[in-house]
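The values are calculated or read from the model by the stated rules, or taken from the named source; none is laboratory data. Computed from a prediction, not measured in an experiment: that's the story for all the values here. Cβ coordinates were reconstructed from backbone atoms using ideal geometry, including for glycine residues, and neighbour counts include every protein chain displayed.
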Amino acid sequence: MGKLTKKVVLVVGGGSGIGAAIAQRFAAEGADAHATSRAAMEGVSDGPWGDGAGRLRTVRADAGSAADLARVFARVRAEAGRIDVLVVNAGISEHATLGSIGEDHFDRTFGLNVRSALFAAQGAIELMPDGGSIVLVGSIAGAIGTKGYGVYGASKAALRSFARTWANELAPRRIRVNVVSPGPIDTAMFDAVSDAVRDGLTKLIPLGRLGRADEVAAAALFLASDDSSFTTGAELCVDGGMAQV
Ligand SMILES: NC(=O)c1ccc[n+]([C@@H]2O[C@H](COP(=O)([O-])OP(=O)(O)OC[C@H]3O[C@@H](n4cnc5c(N)ncnc54)[C@H](OP(=O)(O)O)[C@@H]3O)[C@@H](O)[C@H]2O)c1
């Protein structure tokens, strides 16, 4: 029996990197997982989904578009009737220091990172039975002041704030809301990063390496499942200790 057997899961931004690792792990734990991506080929993905009960369906949608999200909710409602677990993972991280920040940079970052969380959560709670779980993918950038990532950090701090408020608002329905906040994780986000920057970052991580997407998925699974039944409004950092010690 998987930790999410018979649970209907929606991963907003589940086509690559951390989001794909979460969707695949959840399907392997028995979930009926729906994962959105702008590039998705619609359909059911093959995979070693645990005891066979799990399934991974991909849905083409832009996480930053409230209209696309509304279409995704209509589709999940028709196919599965409910959402037990929502994960909002979509996010972009662009470099700009104060003095060089344009409106485009701000709008792109908040328009995806914050907008997707707000409208995904708002849509999902209509379909979420009592006892559901919402997991937002934040970042330790929301808690530390990384030069050049002020807007990104602020967008992730907004998610941390949303989680506190929504945990309070949804507690009467026993819906838990938590944040999983990665440190540097070796995904496509690091493709454009030079070896020198990567080495410099690694030196800042007590465990001495970048993290893996599956390590974030394991933490997200804890927050999504009944293993964390008394945890809400919390942030779980998966950062090799970078922002903790
Ligand atoms: N990697 C890290 O070191 C790290 C550290 C802390 C936090 N995070 C957070 O983890 C999450 C996933 O990042 P990742 O490292 O797995 O990177 P990734 O593979 O590049 O994934 C980025 C995700 O955001 C979506 N996305 C990107 N640009 C978009 C746009 N313009 N419009 C709509 N959707 C867009 C992608 O969806 P599509 O499939 O539609 O492209 C994808 O789901 C992000 O929220 C990120 O902030 C990552």
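Of everything in the stretch 103-140, what is within 14 Å of the ligand (Cβ to nearest atom), buried (at least 24 other Cβ atoms within 10 Å of the Cβ) and either touching a residue at least 60 places away in the same chain (Cβ under 8 Å) or hydrophobic (A, V, I, L, M, F, W, C) (or both)? Give them in sequence order.
Correct list: SER116, ALA117, ALA120, VAL135, LEU136, VAL137, GLY138.
If I go through the stretch 169-194 residue by residue, how many of them are of a type in the set (Val, Ile, Thr) and closer than 20 Å to ALA157 by Cα? Step through it out loud before you land on a result.
Here is the first cut: in the stretch 169-194, the residues of a type in the set (Val, Ile, Thr) are 175, 177, 179-180, 185, 187, 193.
When the remaining residues are screened for being closer than 20 Å to ALA157 by Cα, the result is 177, 179-180, 185.
Within the stretch 169-194, residues that are of a type in the set (Val, Ile, Thr) and closer than 20 Å to ALA157 by Cα number 4.
Taking the options ASP46, ASP32, name whichever one is more than 15 Å from the ligand (Cβ to nearest atom), modelled with pLDDT under 95 and over 15 Å from the mean Cα position of the chain (by Cα).
ASP46
Does the stretch 187-195 include one or more residues that are surrounded by 14 or more Cβ atoms within 10 Å (Cβ to Cβ) and more than 14 Å from the ligand (Cβ to nearest atom)?
There is no residue in the stretch 187-195 that is surrounded by 14 or more Cβ atoms within 10 Å (Cβ to Cβ) and more than 14 Å from the ligand (Cβ to nearest atom).
In the stretch 53-101, what residues are small (Gly, Ala, Ser) and more than 16 Å from the ligand (Cβ to nearest atom)?
ALA53, GLY54, ALA74, ALA78, ALA80, GLY81, GLY99, SER100, listed by residue number.
Determine if the stretch 77-94 includes at least one residue that is assigned to a helix (DSSP H, G or I), touching a strand residue (DSSP E or B) at 6+ places or on another chain (Cβ under 8 Å) and touching a residue at least 12 places away in the same chain (Cβ under 8 Å).
Looking through the stretch 77-94, at least one residue is assigned to a helix (DSSP H, G or I), touching a strand residue (DSSP E or B) at 6+ places or on another chain (Cβ under 8 Å) and touching a residue at least 12 places away in the same chain (Cβ under 8 Å).
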